[in-house]
Amino acid sequence: MNETAARVYAEIDLDAVRANVRALRERAPRSALMAVVKADAYGHGAVACAKAAQEAGASWLGTATPEEALALRAAGLEGPVLCWLWTPGGPWREAVEAGIDVSVSALWALDEVREAARAAGMTARIQLKADTGLGRNGCQPADWEALVTAAVAAQSEGTVRVTGVWSHFACADEPGHPSIPLQLTAFRDMLAYAEKEGVEPEVRHIANSPATLTLPESHFDLVRCGIAVYGVSPAPELGTPAQLGLRPAMALKASVALVKSVPPGHGVSYGHHYVTERETSLALIPAGYADGVPRHASGRGPVLVGGRIRTVAGRVAMDQFVVDLDGDEARVGDEAVLFGDAERGEPTAEDWAQAAHTIAYEIVTRIGGRVPRVYLNG
């Protein structure tokens with residue numbers, strides 16, 4: 001029987017987070033490690049996971065939004081924090097006062113952080129982001145000279161200190177992709193120009209989780225690890241978590257809410273996309289797409305119930321779905337494991353990703369706020 005009262009819950013093993021950080025540090029022994037805790041630590045809980053990562057030797061934390069970074073400070077977390085996704089009018093002054101490193105990709109952002117620094121009477125910590133080929137955030141090479149010149153001038157006036165130069169790979173999860181060496185060359189060139197113009201960064205970084213695992217030449221002063229911190233493989237091509245020396249930190253579990261016998265030819269869930277072939281028993285799992293269970297995995301998502309991995313029968317609904325026990329026994333209150341650790345014989349986030357035609361990042365991150373997090377080894 002499932003001893004946890006919650007109908008569905010995410011069990012987070014903080015020892016796994018610590019072990020993963022230690023394993024990743026071994027992959028990049030000459031570099032500091034940033035644990036990326038954006039999106040509530042990919043659904044795992046930002047504050048708890050940030051603390052665990054720091055305990056295991058992560059010297060930096062990373063977030064996307066300033067609100068995420070400020071929440072870490074509000075929770076009492078110290079040490080360097082980098083925040084990189086800014087829009088005009090953002091909480092620049094609050095970030096400056098909290099000692100958060102802010103990423104700058106364009107002159108408008110530099111202007112706003114300089115104004116915030118003057119208002120706060122402090123020197124802002126900024127990192128210049130170079131677009132070396134991802135084509136997303138970051139400063140294009142054609143605009144790099146102007147941004148570096150303006151940043152050096154702001155540093156001379158005392159409003160900012162340039163603490164880092166960084167970039168992000170587009171295809172590090174595809175070993176051998178031709179963009180990888182091109183981006184590394186572009187990063188080295190843009191970094192060299194910034195340093196020639198007077199930038200003395202504390203950290204230079206481009207490596208994400210897959211690059212940390214496979215591209216030692218990209219490690220520089222700092223590696224930024226996101227999904228790998230939580231024991232999820234950055235890509236199936238790189239290997240399973242176990243093959244990469246990682247342990248999945250999240251297990252999504254539910255309590256069987258109902259078991260009932262139905263005759264052959266009985267439709268199951270909306271649209272009757274599943275119809276029983278024979279007399280059988282159905283188990284109701286009280287979790288659905290409102291909890292983050294992907295509807296696209298209807299008819300394909302794997303679930304461990306009664307000692308066997310079964311498949312979602314019919315459509316995933318908002319709050320529940322059904323599995324066909326196919327003649328096996330199960331009881332109300334039995335534990336159903338949607339995903340966890342393959343080493344324990346459980347389905348994985350990658351299994352659900354394949355069933356939903358997406359990536360494992362999305363599977364763990366989409367687990368919603370109404371799903372309680374239960375922390376182990378806190």
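Taking segment 294-316 on its own, how many of its residues are in contact with an Asp or Glu (Cβ under 6 Å, 6 or more places away or on another chain) and either open to solvent by less than 30 Å² (accessible area, probe 1.4 Å) or touching a residue at least 40 places away in the same chain (Cβ under 8 Å) (or both)? Matching residues across segment 294-316 total 3.
Residues in segment 75-125 that are under 25 Å from E145 (Cα atoms), under 21 Å from the mean Cα position of the chain (by Cα) and charged (D, E, K, R): D101 alone. Could you tell me whether any residue of segment 257-272 is assigned to a loop (DSSP other than H, G, I, E, B) and under 29 Å from the mean Cα position of the chain (by Cα)? For segment 257-272, residues assigned to a loop (DSSP other than H, G, I, E, B) and under 29 Å from the mean Cα position of the chain (by Cα): absent. Being more than 21 Å from A119 (Cα to Cα), in a loop (DSSP other than H, G, I, E, B) and in contact with a strand residue (DSSP E or B) (Cβ under 8 Å, 6 or more places away or on another chain) is a description that applies to G79. Taken together, the criteria place H205 among residues that are open to solvent by less than 40 Å² (accessible area, probe 1.4 Å), within 28 Å of A53 (Cβ to Cβ) and either at pLDDT 95 or above or small (G, A, S) (or both). Confirm whether L304 is within 20 Å of the chain's Cα centre (by Cα), closer than 14 Å to V256 by Cα and either assigned to a strand (DSSP E or B) or at pLDDT below 95 (or both). It is false that L304 is within 20 Å of the chain's Cα centre (by Cα), closer than 14 Å to V256 by Cα and either assigned to a strand (DSSP E or B) or at pLDDT below 95 (or both).
The set of residues in segment 190-242 being farther than 20 Å from W144 by Cβ, among the hydroxyl-bearing types (S, T, Y) and assigned to a helix (DSSP H, G or I) consists of S209, T212, T214, Y230.
Scanning segment 52-84 for residues that are crowded, with 16+ Cβ neighbours inside 10 Å and in contact with a Ser or Thr (Cβ under 8 Å, 6 or more places away or on another chain) returns A69, L72, P80, V81, L82, C83, W84.
Rundown of residues vs (1) open to solvent by less than 70 Å² (accessible area, probe 1.4 Å); (2) touching a residue at least 24 places away in the same chain (Cβ under 8 Å); (3) closer than 17 Å to A254 by Cα; (4) not polar (S, T, N, Q), yes/no style:
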site: M318; (1), (2), (3), (4): no, yes, yes, yes
site: D324; (1), (2), (3), (4): yes, yes, yes, yes
site: D334; (1), (2), (3), (4): yes, yes, yes, yes
site: F339; (1), (2), (3), (4): yes, yes, yes, yes
site: A342; (1), (2), (3), (4): yes, yes, no, yes
site: E346; (1), (2), (3), (4): yes, yes, yes, yes
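Scanning segment 240-257 for residues that are surrounded by fewer than 23 Cβ atoms within 10 Å (Cβ to Cβ) and touching a helix residue (DSSP H, G or I) at 6+ places or on another chain (Cβ under 8 Å) yields a count of 5. Scan segment 184-196 and tell me whether some residue there is of a type in the set (S, T, N, Q) and surrounded by fewer than 21 Cβ atoms within 10 Å (Cβ to Cβ). Yes, that holds for at least one residue. Within segment 258-269, the set of residues being among the small types (G, A, S) and either in contact (Cβ under 8 Å) with a residue 40 or more places away in the chain or open to solvent by less than 60 Å² (accessible area, probe 1.4 Å) (or both) comprises G265, G267, S269. Of the residues making up segment 210-244, those that are under 12 Å from A16 (Cα atoms) and touching a Lys or Arg at 6+ places or on another chain (Cβ under 8 Å) are G231, P241. D111 fulfils the conditions (1) open to solvent by less than 10 Å² (accessible area, probe 1.4 Å); (2) farther than 30 Å from K253 by Cβ except for a single criterion, (1). Scanning segment 145-158 for residues that are open to solvent by 10 Å² or more (accessible area, probe 1.4 Å) and not small (G, A, S), we see that the one that is farthest from D101 (Cα to Cα) is E145. Would you check if there is a residue in segment 286-293 being touching a residue at least 12 places away in the same chain (Cβ under 8 Å), of a type outside the set (D, E) and touching a Ser or Thr at 6+ places or on another chain (Cβ under 8 Å)? Checking segment 286-293: at least one residue is touching a residue at least 12 places away in the same chain (Cβ under 8 Å), of a type outside the set (D, E) and touching a Ser or Thr at 6+ places or on another chain (Cβ under 8 Å).
Would you check if D328 is under 14 Å from Y9 (Cα atoms), assigned to a loop (DSSP other than H, G, I, E, B), more than 21 Å from the chain's Cα centre (by Cα) and free of Cβ contacts under 8 Å to residues at least 60 places away in the same chain? Spelling it out, it is not the case that D328 is under 14 Å from Y9 (Cα atoms), assigned to a loop (DSSP other than H, G, I, E, B), more than 21 Å from the chain's Cα centre (by Cα) and free of Cβ contacts under 8 Å to residues at least 60 places away in the same chain.
The values are calculated or read from the model by the stated rules, or taken from the named source; none is laboratory data. Remember, it's a predicted structure, so these values are computed and weren't measured experimentally. No Cβ is skipped: glycine too gets one built from the backbone with ideal geometry, and neighbour counts run over all protein chains shown. Note: areas computed on protein heavy atoms with side chains; ligands, DNA, RNA excluded. Shrake-Rupley method; radii C 1.70, N 1.55, O 1.52, S 1.80 Å.
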